[in-house]
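Beneath this line is the structure, given in structure tokens, with notes to follow.
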Amino acid sequence: MHGRVKIKSTAQQEEEKRKEKEKKLKAFVSARDAVLKKRSAGEHDEEALQLTRQLLSSNPDFATLWNYRREVLLHLETLREKDEVQKLYESELHFIEACLKVNPKSYGCWHHRTWVNTRLPQPDWTRELGLCDRCLSLDERNFHCWDYRRVVVKASGVSVEQELQFTDRLIGSNFSNYSSWHYRSTLLPQLHPQPAPDSAPNTSPSPTTSPQFHSHRVCEEQLLKEYELSHNAFFTDPNDQSAWFYYRWLLGRAEREEMISCVYVSREGERVSVAFSKPVHAQSEGLMLVLDGQPQQVEWRSTHPRLRHSPVWLCDLPPGSISDMSNEHNLTIHWTEKHTHRDCALYTGCAESWCRDSATNLELFRSELSVEKSSVLQAELQSCNQLLELEPQNKWCLLTIILLMRALDPLGHEKETLAHFQTLKEVDPMRSTYYSDLCSKFLIENTILKMEYAEVRVFSLSNKNLTTLCHLDQLLFVTHINLSSNQLLRLPPHFAMLQCLEVLEADDNAIENLEGLYHLPKLEEVSLRNNQICKLSDLESLASCTKLTRLDLRGNPVHRTAHIESELSQLLPRVTALSL
Amino acid sequence: MARISQIEGNFQFRERSQWWSVTMLSVCVHFPGLTESVIAAACSRVGQSVLHLDRRNYYAGNWASFTFNGLLSWIEQYKQEVPITELEQVWRSLIDEGEDAVPLSALDSSISNLEVFCYARLHEVSEPKEDQHTSDISEPSQSQEEKESQLSSSPADPTVEVQKKITYQKLVKEGRRFNIDLVSKLMYSRGALVDLLIKSNVSRYAEFKNIGRILTYRNGKVEQVPCSRADVFASKQLTVVEKRMLMKFLTFCLDFEQHPEEYQDYTEKPFREFLKNKKLTENLQHFILHSIAMVTQHTLTEEGLKATQHFLRCLGRYGNTPFLFPLYGLGEIPQCFCRMCAVFGGIYCLRHSVECLVVDKVSNKVKAVIDTRGQRISCSHFVVEDSYIRDEQRQSTAYRQISRAVLITDRSVLPSESDQQISMVTIPPLESSAPAVRMVELCSSSMTCMPGTYLVHLTCSSSGKAQEDLAPVISQLFHVSTIPGEEPSEVLWVMYFNMRDTSALDSSSYSLPSNVHVCTGPDDSLCSDYSIKLAESVFHHILPDEEFCPPAPNPEDIIYDGDGPQAKGPGFDESTNTECLESSQE
């Protein structure tokens, strides 16, 4: 047809492309072979640079070639004047830039760039910073570039203020960029540190002191600004998790101090139990036990062999050392590595004794968010409630409100908290199990608090939809525990921390595993009616509880096992009252 | 680009030697505005021979953009325009028996009420001399008003002039840096025009800049409209609760069709009432109604929701606002389509127009046209802009008018960190009877004005003369000295005019043969979608079975006559060029 432009058909184009590809592949393979041959021959010359350059510019992820290139460059460096070395490495930087255009996420390229800058006699950090900014503007989550940027910032001594402004800019253009929020969280404590608590104004903080309890906290004035920034983000888009995580960080506090939270000693069995503020591996922690001024050689063991790191550790004292009721003893546990210790006095006539910090005093369960003054937290709770009014189904908001309420007054807000958990499970069914576990945790915490206020050793938490057990190290002294009518599936190894437990009621759960009923020296009575214990082997751990005499297993599938009664009496000969 | 210019060389050659031998054309396009250019490009692209005539000496008609000096001569032309003497005897003789002649109008009356005011000093005032001032004012022969204003400026106190202001002389000297559009529109990043530019590959002929911010005039001041997620986050004027309300409403608008229960009670009621019912605060209502949906007080809910949805869908494609603007002005766009038309063999003739149409009495179809040089050119379709149609051929003459103002200022309407942003400003009606005004402030990096200045376009549908409609808005937004020269004025130069808006007309408005396709001129809306859709429908009318603007092939995929694929390489050398020419001679 006249005047119509004739265009190559797709088949023609495809064929041309295929041929082109084939040609390229051939050239690449032959160049690669040549390079590898040169390397094994130990040749470090300009030609090697030239060849690797060709290959890397089409495939910058070929790590071997970068290695070879470094070998060549190091060799050439020895042959040249300083000026020329500078030029050599500068041209290397230009080359890497071209490679980054091919693949901005090439490990090899970024690594090589870092290396080149360490070799460069006069690195131009401003230019490098500019490169990072350009790359991040194209892809704000390129973690290779973030990493490289940190190197550049460190080497060039960019001020923290400038970096904070940099995050301002990035967050301003897209607040869903968690990389920037996180970076901010590392900058703020440097720029606006919280004044050290209890430090007299005269004492100048010495730079050598190790990071203290609140070292990565931020001063209150700045915190208020940061709260506002997060409000802006989550009111704009409450479903964006970046700002919520940052907000949680703002409200949260540092890890708890490492300490010995409790020492318990019992004349019966001449046993000492030590609880720590977090799980430790006692055998390697340099623990020292001093009894009446005499260091003792003792063997530390965790409460259950499956717990290598445990918050509770046990040891037996040499036989006869404390068994006489008429003697008074003073016991000290030293944690040499952490420079801390705890004393415990065992008075005449007492069968047992302990020394501890109560959960109430330590505000243990407010640990996630509680450093702030309650007025600040109260204000934040109000903001979140305002958002919840507009977005009653927002899971981030609900969860944050729960955490704030716990930080403020866990018992006072219990009812509301439970209602919010119910909503959470409905709006976010994918995570309902997580919410159930979290709710269980909070309920256990509340029950522990109530127990401590009442100064009793009975822990009762029946019919609360518990799905998991936690904080068992806090129940070291409990003698009676009632967990009936919950949704527990197992008594986990941690259960073995309940060293004083005498009576366990756990009817109407779905327990199929009793691992945690292990070497409980005082356990006498166990009721496990209507659970899911199926096999005789599931009951084996009970054999280690030497005082167990009453066992109720009614309504468990295990009763269908053949010869169950005789098998059980063989396994647990001391049990006199067995119900099947 | 090298290739394009060679092919254009090719077409010039044809113009010289083959032009007069063209006897049979498929489509003759007259007066290339945006619509006509798109039709011409689309026809040419699918192999139709296209002749494109324009009596003017520039492309794009009312869609044109001018340098400052070009605009001054356009203003001159506007004042002097007289009908060219009719060549009736000449063309009468070319009409055969059985044919009728339909003469076209030679006078373009689509522009009216043109007025110009200059507030800039004529010269740098180094040593003030009274007589020098008065002698200077006659230099640029502007409208009467301008002279008056300049006259009154002569007894100016030179001590007031502290900072160095840009003078009129400077504007003229730097005039080439200006690209002043007669039509002011923006491109929605997912609008019909952008889609077409991408689909047809015409986008390769132009570059674009994002509109940086959207502003509005509220409570006597200009403020930024938070429209994107980042804007809402950063906004200092909204409370956090407002942020949530706004985002929630906008999210709803994105797929409002999925939630008919939310708005079904309001389908017959204005959008404004729906917003009120949604309990949005007053400033949120303002932002949504005037700056996001950009609808009037009376627009119905569903239309308002659709407009909001369109705005939102355009966000984030190229930037934080929904709009793009072509570098060097909107006039680039028709030119890009002209270029594509030429690449595929379309022929262009400026300063050359059609006197009359030759209509076959039996079939009542146009079979030829007669040009101003007395040439009879056969064609099977004739595409023409409305302004060429004489009143005798009209069934209806119900026009609307667009009021336009073009300002050159030396300061942004809302100065910010960056002085190189394009801003779109929505100005709700100042009084209930007045129209809503749309303002676009172009910075110098948009290649439409000289550094240190802003080019500001104001547009509204007319209720009267452009000056009456727009001067009150300008005085609200800018500092305009009442006594020019007395104090430094932000506004250096202003032009007002009215442009006819024929967009309400359709084919039933004309009594013309069925193969004459009348295209209406620019409408008063913000985007060009109307013109693009019109072009597509005319194209399908002419060529029902052809695809509208299929992607243009890459230059390397084109096969030239007789040869295999061209040798590849950077640019083309001389031999390729001559080859090209030779092949077209065959």
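The values are calculated or read from the model by the stated rules, or taken from the named source; none is laboratory data. As the structure is a computational prediction, the values presented were derived from the model and not from experiment. Positions of Cβ are backbone-derived with ideal geometry, glycine not excepted, and every protein chain shown enters the neighbour counts.
For segment A:284-298, the count of residues that are under 20 Å from A:L476 (Cα atoms), at pLDDT below 90 and charged (D, E, K, R) is zero.
Looking across A:K19, A:K24, one residue alone is within 14 Å of chain B (Cβ to nearest Cβ) and either farther than 21 Å from A:T114 by Cβ or of a type in the set (A, V, I, L, M, F, W, C) (or both). It is A:K19. At least 3 residues being among the hydrophobic types (A, V, I, L, M, F, W, C) and over 30 Å from the mean Cα position of the chain (by Cα) is the threshold, and among the helices (runs of 4 or more DSSP H) wholly inside segment A:71-182 those reaching it are A:82-102, A:107-119, A:125-138. Entry remark, segment A:1-55: residues being surrounded by fewer than 10 Cβ atoms within 10 Å (Cβ to Cβ), part of a helix (DSSP H, G or I) and of a type in the set (A, V, I, L, M) number 1 in total.
From the list B:F497, B:F539, B:F548, the one residue that fits, being at pLDDT 90 or above, touching a strand residue (DSSP E or B) at 6+ places or on another chain (Cβ under 6 Å) and either of a type in the set (F, W, Y) or outside any helix (DSSP H, G or I) (or both), is B:F497.
Kindly provide the set of residues from segment B:34-70 that are assigned to a loop (DSSP other than H, G, I, E, B), more than 13 Å from chain A (Cβ to nearest Cβ) and modelled with pLDDT of 85 or more, ordered by number. Matches in segment B:34-70: B:A64, B:T67. Of all residues in segment A:157-178, how many are more than 14 Å from chain B (Cβ to nearest Cβ) and exposed (fewer than 14 other Cβ atoms within 10 Å of the Cβ)? Final tally of qualifying residues: 4. Could you check segment B:393-406 and list, in sequence order, the residues that are touching a residue at least 60 places away in the same chain (Cβ under 8 Å) and of a type outside the set (A, V, I, L, M)? Those that are touching a residue at least 60 places away in the same chain (Cβ under 8 Å) and of a type outside the set (A, V, I, L, M): B:Q393, B:R394, B:Q395, B:S396, B:Y399, B:R400, B:Q401, B:S403, B:R404.
If you check B:V440, B:V425 for being touching a residue at least 24 places away in the same chain (Cβ under 8 Å), within 23 Å of B:I180 (Cβ to Cβ), within 16 Å of the chain's Cα centre (by Cα) and crowded, with 23+ Cβ neighbours inside 10 Å, only one passes: B:V440.
Is one or more of the residues making up segment B:344-367 under 30 Å from B:E273 (Cα atoms), among the aliphatic types (A, V, I, L, M) and either modelled with pLDDT of 90 or more or crowded, with 23+ Cβ neighbours inside 10 Å (or both)? No, the conditions are met nowhere in segment B:344-367.
The residue that is farthest from B:M245 (Cα to Cα), counting only those in segment A:374-428 that are more than 14 Å from chain B (Cβ to nearest Cβ) and among the small types (G, A, S), is A:G412. Can you pull out every residue in segment B:188-230 that is outside any helix (DSSP H, G or I) and β-branched (V, I, T)? Across segment B:188-230, the qualifying residues are B:I211, B:I214, B:T216, B:V222, B:V225. The numbered conditions (1) away from every other protein chain (no Cβ under 14 Å); (2) in contact (Cβ under 8 Å) with a residue 40 or more places away in the chain; (3) within 18 Å of B:S528 (Cα to Cα) are all true for B:E355 except (3).
Scanning segment B:224-251 for residues that are crowded, with 17+ Cβ neighbours inside 10 Å, more than 7 Å from every other protein chain (Cβ to nearest Cβ) and under 33 Å from the mean Cα position of the chain (by Cα) yields B:Q224, B:V225, B:P226, B:C227, B:S228, B:D231, B:S235, B:L246, B:F249, B:L250.
A Cβ distance below 6 Å, combined with a sequence gap of six or more or placement on separate chains, defines the contacts here; from segment A:537-550, residues that are modelled with pLDDT of 90 or more reach residues that are small (G, A, S) in the pairs A:R550/A:A577.
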